[in-house]
Amino acid sequence: MKFLFVGTNPENTGAATHFVALAQALVEAGHQVSAVVYPDSLIANALAKSGVRLYKSQFRNIFDLRGYFATFKAARDLRPDWLVGNFGKEYWPLILISRLLSVPVALFRHRTPAMGRVSGYLVPRLAQRFFAVSSHARQAYLDRGVPAALVRVLYNPVNMALCRPDAAKRSEILRNLGMPQDAIVLGYFGRIHHSKGIFTLLEAAEGVMAQEPRLHCMWLGHGPDSQALGERIDAGSFAHRHHVLGWIDDVHPYYSAVSMLAFPSIATETFGRVSVEAQAAGAPVLGSNIGGIPETLSTNVTGMLLPPGNVPAWRNAILRMCDADVREPMGLAARDFVDRHFSTRVIADEFVRILGDG
């Protein structure tokens, strides 16, 4: 099949990562993929290395004619079987171009907050396929009156090769960060914001550090509470066992360095890509039992689900996961779980199957 993806978001977001991963998955599956992208963006740079033909342009908003012209030209030249969009500002332009050229359009919604009244009603009904990225998100759309038959679920695809466990890389990262090679590393990869449960995690982890001298924490990400997190770490008794790395462009090598990943959000999450990527690297996940996070792991097989914001529960779970007899079988099961449910091969096949449904 031939696909034209349209994603002119210049920012590094979960939707952008999904856009890239799905396009790459379809290329790997033997499909022809082209894309209209913002110049020199994360999407453009990633797809340039993936055998995807790129058209450079942008949609500042739905009235930006530059995006219309670039997308219309690409679609007219390529005559794709499907248009694919990931970002709200491009929903209406893609629906219009779909109608003008008689090319069906598949749209993804990555957030659960409601669209405007008109868009919320019409977009799922005018797109030939409308996708949620989790069953949790799908239910949110159904609760607002979107007919169940119009909302399909397609999870974020994960590149298993990028997330492959690498013992040598783990050793190198631990050495560079001044951690002993036998360290038990609890990782947090994400936005540094109180809604992500970072202070619950910090308090729980420090409680375990008092009992387990091998436990270290690795913090990757940035956000409005970065300074507050750093101040609390410095005020604690274990500052030397916290490794705050800030923003990392490519986090994939760091999954190999963690013994377990924490996803402690106290606010609803639509999905949880880092949870799936960590498991692909053989790291079990401790996740909040909220939103779409439960869909990313197999409870008590590849990780544990915990009550959001409950410090004692998180402390006990981290301490339990410090036991290699508990942690290592979960890590082994995790990679197989992701390969069966979230690998690029599985998601590309499922996407094509859904598009082919009547």
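Would you check if GLN58 is more than 27 Å from GLU269 (Cα to Cα) and either touching a strand residue (DSSP E or B) at 6+ places or on another chain (Cβ under 9 Å) or open to solvent by 50 Å² or more (accessible area, probe 1.4 Å) (or both)? Spell out the reasoning first.
Details: more than 27 Å from GLU269 (Cα to Cα): yes; either touching a strand residue (DSSP E or B) at 6+ places or on another chain (Cβ under 9 Å) or open to solvent by 50 Å² or more (accessible area, probe 1.4 Å) (or both): yes.
Yes: the conditions hold for GLN58.
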Residue under question is MET179, and the condition is that it be under 22 Å from the mean Cα position of the chain (by Cα) and within 26 Å of VAL251 (Cα to Cα); does it hold? no
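For the stretch 45-54, which positions are surrounded by 20 or more Cβ atoms within 10 Å (Cβ to Cβ) and part of a helix (DSSP H, G or I)? Spell out the reasoning first.
Going residue by residue through the stretch 45-54, those that are surrounded by 20 or more Cβ atoms within 10 Å (Cβ to Cβ) are 47, 52.
Within the stretch 45-54, just LEU47 meets the criteria.
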For the stretch 209-278, give me every one of the strands (runs of 3 or more DSSP E) that falls completely inside it and has 1 or more residues that are open to solvent by 30 Å² or more (accessible area, probe 1.4 Å). 242-246
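Which members of the stretch 1-16 meet the condition of being open to solvent by 10 Å² or more (accessible area, probe 1.4 Å) and at pLDDT 90 or above?
Residues satisfying the conditions are MET1, LYS2.
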Considering the stretch 4-44 alone, what residues qualify as being of a type in the set (A, V, I, L, M), touching a strand residue (DSSP E or B) at 6+ places or on another chain (Cβ under 7 Å) and not in a helix (DSSP H, G or I)? LEU4, VAL6, VAL33, ALA35, VAL36, VAL37
Among the numbered criteria (1) surrounded by fewer than 20 Cβ atoms within 10 Å (Cβ to Cβ); (2) assigned to a loop (DSSP other than H, G, I, E, B); (3) in contact with a His (Cβ under 9 Å, 6 or more places away or on another chain); (4) not polar (S, T, N, Q), which one does VAL352 miss? (2)
Taking the stretch 136-153, which residues are open to solvent by 60 Å² or more (accessible area, probe 1.4 Å), part of a helix (DSSP H, G or I) and not hydrophobic (A, V, I, L, M, F, W, C)? ARG138, GLN139, ASP143
So ARG340, is it closer than 19 Å to ILE198 by Cα, open to solvent by 60 Å² or more (accessible area, probe 1.4 Å), basic (Lys, Arg) and at pLDDT 95 or above: no
Scanning the stretch 279-316 residue by residue, those assigned to a helix (DSSP H, G or I) and either over 20 Å from THR13 (Cβ atoms) or open to solvent by less than 20 Å² (accessible area, probe 1.4 Å) (or both) turn out to be GLN279, ALA280, ILE293, PRO294, THR296, VAL311, PRO312, ALA313, TRP314, ARG315, ASN316
Checking the structure you have, find out if any residue of the stretch 17-28 is over 23 Å from VAL153 (Cα atoms), open to solvent by less than 60 Å² (accessible area, probe 1.4 Å), modelled with pLDDT of 90 or more and among the aliphatic types (A, V, I, L, M). no
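This table checks each residue for (1) among the aromatic types (Phe, Trp, Tyr); (2) under 20 Å from PHE131 (Cα atoms); (3) out of contact with any helix residue (DSSP H, G or I) (no Cβ under 9 Å at 6 or more places or on another chain).
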position	(1), (2), (3)
ILE318	no, no, no
MET321	no, no, no
ASP325	no, no, yes
ILE347	no, yes, no
ARG353	no, yes, yes
Kindly evaluate SER34 against the criterion of being surrounded by 18 or more Cβ atoms within 10 Å (Cβ to Cβ), at negative phi, over 21 Å from the mean Cα position of the chain (by Cα) and not charged (D, E, K, R). yes
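Residues of the stretch 163-208 being in a strand (DSSP E or B) and in contact with a His (Cβ under 8 Å, 6 or more places away or on another chain), which ones? Give the derivation first.
Within the stretch 163-208, the subset in a strand (DSSP E or B) is 184-189.
Listed by number, the residues that qualify are ILE184, VAL185, LEU186.
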One residue is enough: does the stretch 319-335 have a residue meeting the conditions surrounded by fewer than 24 Cβ atoms within 10 Å (Cβ to Cβ), farther than 21 Å from ALA137 by Cβ and either modelled with pLDDT under 95 or under 19 Å from the mean Cα position of the chain (by Cα) (or both)? yes
Quick count over the stretch 98-127, residues being within 20 Å of GLN32 (Cα to Cα) and either of a type in the set (Ser, Thr, Tyr) or touching a strand residue (DSSP E or B) at 6+ places or on another chain (Cβ under 7 Å) (or both), is 8
For GLN181, work out the one condition from (1) polar (S, T, N, Q); (2) open to solvent by 50 Å² or more (accessible area, probe 1.4 Å); (3) out of contact with any Ser or Thr (no Cβ under 9 Å at 6 or more places or on another chain) it doesn't fulfil. (3)
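The values are calculated or read from the model by the stated rules, or taken from the named source; none is laboratory data. Predicted model, so just to flag it, every value in this text is computed and none were measured. Heads up, the Cβs are rebuilt from the backbone with ideal geometry, glycines too, and the neighbour counts pull from every protein chain shown. Just the protein is used for accessible areas: all its heavy atoms, side chains included, with ligands, DNA and RNA removed. Shrake-Rupley method; radii C 1.70, N 1.55, O 1.52, S 1.80 Å.
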